[in-house]
Amino acid sequence: EMQALQAQMNPHFIFNCINGIQYYVLANKMDQVLSYLSDFSKVIRESLSNANRRMVTLNQEIEFLKSYLHLEQMRFPDKFNYSIQCEKENTISFVQIPPMLVQPFVENAIRHGFSNLMEKGQLSILFQPLSGDVLKCTITDNGVGRKKTEVKLPNQMEDRLHSGKITETRLKLFNTAELPDKYKIVYTDLFSENGTSGLKVEIYLPIEIVQG
């Protein structure tokens, strides 16, 4: 069931990447096409490989996110900046997490949060070990927020809900009857003086430690 849910994310992800390649081909920007194809092949290889894995190292997941975000920056030049941080960087090679749980929320921030943003988007991803078997990933953006996203076309909103629900279902499969909410997703709308100014998503992930 876990692999079936994870596989539902891959076609959507691949389709968006192919759209990016098509843009550069139509614009006759062949240098960018070659660069994009190089990153695209790397991301697809990792994506398809991870579909058969229950866990990957945190280092692998971070490198995957970096490659994916580079593709998105090529698709949307000067649209956003990003940062990826881990509180204990010396552990990224030893900590394992389920693959492809973070990427859907990063994609949502770019596609939905930044699409109509007048200023430059800012995306922050922070990994924080909380205990022996829980890692918190906090994804923060300064996008238009969920309220304004809801006025978009229904199929766009369904895409956002669909990816979030798949990830929530995947996380629930790691929970037990004794601790049904140990691994979860928490959404916090962010506000400024001008109103909605982004979204914070906190994902509480199961981890395993690689025995060296």
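The values are calculated or read from the model by the stated rules, or taken from the named source; none is laboratory data. Note that the structure is predicted; figures quoted are calculated from it, not measured. Cβ atoms come from the backbone with ideal geometry, glycine included; neighbour counts cover every protein chain shown. When the accessible area is computed, the model is the full protein with side chains, heavy atoms only, and any ligands, DNA or RNA have been set aside. Shrake-Rupley method; radii C 1.70, N 1.55, O 1.52, S 1.80 Å.
So the values come out like this:
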quantity	calculated
Long-range amide H partners of residue 197 with built H, under 5 Å	190, 191, 192
In order through the range 120-135: 3J(HN,Hα) via Karplus (6.51 cos²θ - 1.76 cosθ + 1.60), integer Hz, x for Gly, Pro	6, x, 10, 10, 10, 10, 10, 9, 10, x, 9, 7, x, 9, 9, 10
Cα-Cα over 23 Å, subset of 66/182; 136/200; 136/165; 66/120	66/182
Residues whose placed amide H lies under 5 Å from that of residue 121, excluding near-sequence neighbours	80, 81
The range 14-74 - percent of accessible surface contributed by carbon and sulfur, probe 1.4 Å	56
Long-range HN-HN contacts of residue 182 with modeled amide H, under 5 Å	176
Summed residue charge, Cβ within 14 Å of residue 131's Cβ, Lys/Arg positive, Asp/Glu negative	0
Under Karplus coefficients 6.51, -1.76 and 1.60, residue-wise ³J(HN,Hα) of the range 141-146 in Hz, glycine/proline x	9, 10, x, 6, x, 6
Accessible area expressed per residue, the range 5-113, with surrounding protein chains retained (probe 1.4 Å, Å²)	46
